[in-house]
1. Would you check if A:LEU262 is within 13 Å of another protein chain (Cβ to nearest Cβ), under 33 Å from the mean Cα position of the chain (by Cα), part of a loop (DSSP other than H, G, I, E, B) and without any contact (Cβ under 8 Å) to a residue 60 or more places away in the chain?
2. Restricting to the range A:284-337, name every residue that is farther than 17 Å from A:ASP198 by Cβ and of a type in the set (Gly, Ala, Ser).
3. Just to be sure before I move on: is A:ARG252 open to solvent by 40 Å² or more (accessible area, probe 1.4 Å), in contact (Cβ under 8 Å) with a residue 40 or more places away in the chain and at negative phi in the structure I sent?
4. Could you check how many residues of the range B:47-70 are within 12 Å of another protein chain (Cβ to nearest Cβ), hydrophobic (A, V, I, L, M, F, W, C) and open to solvent by less than 40 Å² (accessible area, probe 1.4 Å)?
5. Under the condition of being in a loop (DSSP other than H, G, I, E, B) and under 20 Å from the mean Cα position of the chain (by Cα), which residue from the range A:275-322 is surrounded by the most Cβ atoms within 10 Å (Cβ to Cβ)?
6. Step by step: first the residues of the range A:95-118, then only those that are touching a Ser or Thr at 6+ places or on another chain (Cβ under 6 Å) and closer than 16 Å to A:TYR139 by Cβ, then the one that is surrounded by the fewest Cβ atoms within 10 Å (Cβ to Cβ). Which residue is that?
7. Determine which member of the set A:GLN212, A:GLN266 is surrounded by fewer than 18 Cβ atoms within 10 Å (Cβ to Cβ), among the polar types (S, T, N, Q), assigned by TED's automatic domain parsing to the domain that holds A:PHE316 and in contact with a Lys or Arg (Cβ under 8 Å, 6 or more places away or on another chain).
8. Just to confirm my filter: which strands (runs of 3 or more DSSP E) fall fully inside the range A:131-249 and include at least 3 residues that are within 14 Å of another protein chain (Cβ to nearest Cβ)?
Amino acid sequence: MKNMSYTFFRHIAILMFSAIFFSSCSEKEYSIPEGGADLQNDVIKRSLGPNLVGLDIEFAYAMALPKQKGKILWAQVEASIAGGEETYLENKSYYTHSGSDEINGGTDVGVVIGKPSENQGAKTIVNFSRDTSAATLRYFYDVPEQARGKKVEFTFTAKSSDGSTVSYKMGPYQIAVMDMVLNLEASDNQACYLSIKDMTFYSAAQAATRPQEIDLVYLYRGELNSFGHALVSPGADRQYLPQVDLPTGLSRSTKMRREFGLRDQQLGNPKYGIYIDDVDFQQLDVSDSPNYALNLKEEAGAWLETQDGTYRAYVFVNKIDNAGAKATLSMKRYKLK
Amino acid sequence: MKRYTIQFLCMLLSMAILPGCSKDLPMDEDGLLITDRAECYVSNFELLGADFITVRTSNAVIDTMACTIDVEVQFGTDLKNLYPQFSLASDAKLDPKIVGKVDFSDLQNPKVYTVISGNRKVRKPYTVVISIQNP
């Protein structure tokens, strides 16, 4: 019995050792992958975050065929909704510089492959003049007003001299309902009356001509405790509007909630990967919030909803200037009605 | 072989039995252990705004004899949307529980939170008195 158990465990041990030994000993030699025999293509989407009207959606379109089979004749992108005037397909093929020096290493190098692209309705075409069998072109879709709140699809197509045609579909991509404005300059006692409808700061004289469109007043009171840079509704309690001589008729009350740590990438902070999207505005509830936001700091912000419930917005503080009593603000705005 | 099998089975049996031998400790209605500790006090108090940033202008003054917490908040603080945070004596708990934002806007009727000791025999009601900083 003793011999039997010893033999049994010895066999088990040998079996396990063999399994480990053999499984770790296989060696695969690397070989360069074989390219396809025909014209091929591929696409990646380069831009991130919500797709906003007025901004670009960027793609990289790669196409290639074996050199002996011929060359590429043209490349085309067709969008389901025609892009804006700034839509284009680059006439340069990019590769990454392999140099090790700090200046060139890793940078994109463009090689011209044809004339600049032409837009024909929803199609954008580049005709190749360079004899090449491989290229990667970038496509920039200028999101038009007609696409707001809709979905957009793209069909990338390339044709080669051997008569082959390949296509690649991308999307659909949702285009956001919201608007965005960057780098609004607010100045205490000057351009300090903010209209969410117009996404603009007005002076007191200008505000007096449109009192029902002024939602907030920007002011800086560095001498007061916990006040600093602030956005206050014209209809707020007077203690939150110290030394402010409001133009006649301004009375709107905008509910708002101050926010720290929400640094939207599109509103001016490329180092953070945070994006405010339509859904954030749809779910926003500031009904029990005050109608002012005091002591705003750089990279802080405030969620808000206009008194008439037409707009919700997020105001981001890009920069503050205590000495000049100024601030630079950016805004994403969502129309509810 | 038989001896190895018996040893292995004994080991398994021991593993199953031993953890179940510990003595049952009493638990309260919240599923928290009731211990022997009679300490009952607030050791620290924090008050965060809706943006999760403190709204205090200085440290809260905690009087464990009078059972009061005096805290001054910044001018303009949104008193309807605050998150209080209590640090308590070991094993103590708070009643009512804090499950979200709390409305402290009624300054005439300050909020009262009761600290209950680890043995659940001592209860001390603490009153949170808020004052607002002058601008």
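1. Numbers: within 13 Å of another protein chain (Cβ to nearest Cβ): yes; under 33 Å from the mean Cα position of the chain (by Cα): yes; part of a loop (DSSP other than H, G, I, E, B): yes; without any contact (Cβ under 8 Å) to a residue 60 or more places away in the chain: yes.
Yes: the conditions hold for A:LEU262.
2. Once the filter is applied, which keeps residues that are farther than 17 Å from A:ASP198 by Cβ and of a type in the set (Gly, Ala, Ser), the range A:284-337 yields A:SER287, A:SER289, A:ALA293, A:ALA300, A:GLY301, A:ALA302, A:GLY309, A:ALA323, A:GLY324, A:ALA325, A:ALA327.
3. Numbers: open to solvent by 40 Å² or more (accessible area, probe 1.4 Å): no; in contact (Cβ under 8 Å) with a residue 40 or more places away in the chain: yes; at negative phi: yes.
Criteria not met by A:ARG252.
4. Residues flagged as within 12 Å of another protein chain (Cβ to nearest Cβ), hydrophobic (A, V, I, L, M, F, W, C) and open to solvent by less than 40 Å² (accessible area, probe 1.4 Å) within the range B:47-70 amount to 3.
5. Residues of the range A:275-322 in a loop (DSSP other than H, G, I, E, B): A:275-277, A:283-291, A:297-300, A:306-310, A:322.
Now narrow it down to the ones that are under 20 Å from the mean Cα position of the chain (by Cα): A:275-277, A:299-300.
Details: A:TYR275: 15, A:ILE276: 25, A:ASP277: 18, A:GLU299: 18, A:ALA300: 21.
My answer is A:ILE276.
6. Ranking the candidates gives A:ILE113 first.
7. Details: A:GLN266 fails: surrounded by fewer than 18 Cβ atoms within 10 Å (Cβ to Cβ).
The unique qualifying residue is A:GLN212.
8. By residue number, A:216-221, A:228-232.
The values are calculated or read from the model by the stated rules, or taken from the named source; none is laboratory data. These numbers come from a predicted model, not from an experiment. Heads up, the Cβs are rebuilt from the backbone with ideal geometry, glycines too, and the neighbour counts pull from every protein chain shown. Note: areas computed on protein heavy atoms with side chains; ligands, DNA, RNA excluded. Shrake-Rupley method; radii C 1.70, N 1.55, O 1.52, S 1.80 Å.
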